[in-house]
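The values are calculated or read from the model by the stated rules, or taken from the named source; none is laboratory data. Just so we're clear, the structure is a prediction, and the values are computed from it rather than from any experiment. Neighbour counts run over all protein chains shown; Cβ positions are idealised from the backbone, glycine included.
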Amino acid sequence: MISLTPLVAHLKPKPAGFDGVWFRAVGGAAEYAAISPEALPLPACWVVRAADQVRHAGERTEDTTFVFDVVIAVENLRLADPRTMDDELLKYRSAVKDRLLGWEISPGVMPIKWGGGKVLEYTNGDIYWSDRYTFSALITNYLPDPPAYTGIANTGEH
């Protein structure tokens, strides 16, 4: 298994050259599950694990593809022209994609790839969008099986 915590940390700083307010909140799945939409400071994003796809690659070795979503929430109430909402969302999506595409979460891990996106919810005041990303790693840090049970070992203590 690989932690997604470095992804959250990687998305927190505002990218150089980004025009506008960067995410006021960047979190993981626990923060996403606990959101209160009426009191949420937007724009915001969350990194949420979606799936792990595993292919056996030998004894205690697995070729694993990790799939995660970056959920982006932006508000559409304060825009002078509501038709520009798509451009505003696209600006954040592009900035996240630029930051993640090709990045290696840790040494020995394949670079991140983008897999497309979809709308999660359009509300009267907010838009929630999810973009899917993947990366692969050969996991070899599994411990060997313990030896077979041979009986109780008497340590001499009572």
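A few notes on this one:
- Top-ranked residue in the range 66-81 [being touching an Asp or Glu at 6+ places or on another chain (Cβ under 9 Å) and aliphatic (A, V, I, L, M); ranked as modelled with the lowest pLDDT]: 79
- Within the range 86-127, the set of residues being in a helix (DSSP H, G or I) and in contact (Cβ under 8 Å) with a residue 12 or more places away in the chain comprises 88, 89, 91, 92, 93, 95, 96, 97, 98, 99, 100.
- Inspection of the range 135-147 identifies no residue that is modelled with pLDDT of 80 or more, within 30 Å of residue 40 (Cα to Cα), among the hydroxyl-bearing types (Ser, Thr, Tyr) and surrounded by 10 or more Cβ atoms within 10 Å (Cβ to Cβ).
- Applying the condition of being over 28 Å from residue 86 (Cβ atoms) and of a type in the set (Ser, Thr, Tyr) to the range 1-41 and asking which residue is modelled with the lowest pLDDT yields 3.
- Of all residues in the range 121-134 being among the β-branched types (Val, Ile, Thr) and out of contact with any Ser or Thr (no Cβ under 8 Å at 6 or more places or on another chain), the one that is modelled with the lowest pLDDT: 123
- Count of residues meeting criterion [modelled with pLDDT under 90 and in contact with a Leu (Cβ under 7 Å, 6 or more places away or on another chain)] in the range 42-65: 3
- Residue that is farthest from residue 14 (Cα to Cα) [pool: residues in the range 24-74 that are outside any loop (DSSP other than H, G, I, E, B), touching a residue at least 40 places away in the same chain (Cβ under 8 Å) and among the polar types (S, T, N, Q)]: 64
- All positions within the range 108-120 that are farther than 16 Å from residue 48 by Cα and at pLDDT 80 or above: 109, 110, 111
- Residue under evaluation residue 72, criteria (1) over 14 Å from the mean Cα position of the chain (by Cα); (2) closer than 26 Å to residue 125 by Cα, criterion not met: (1)
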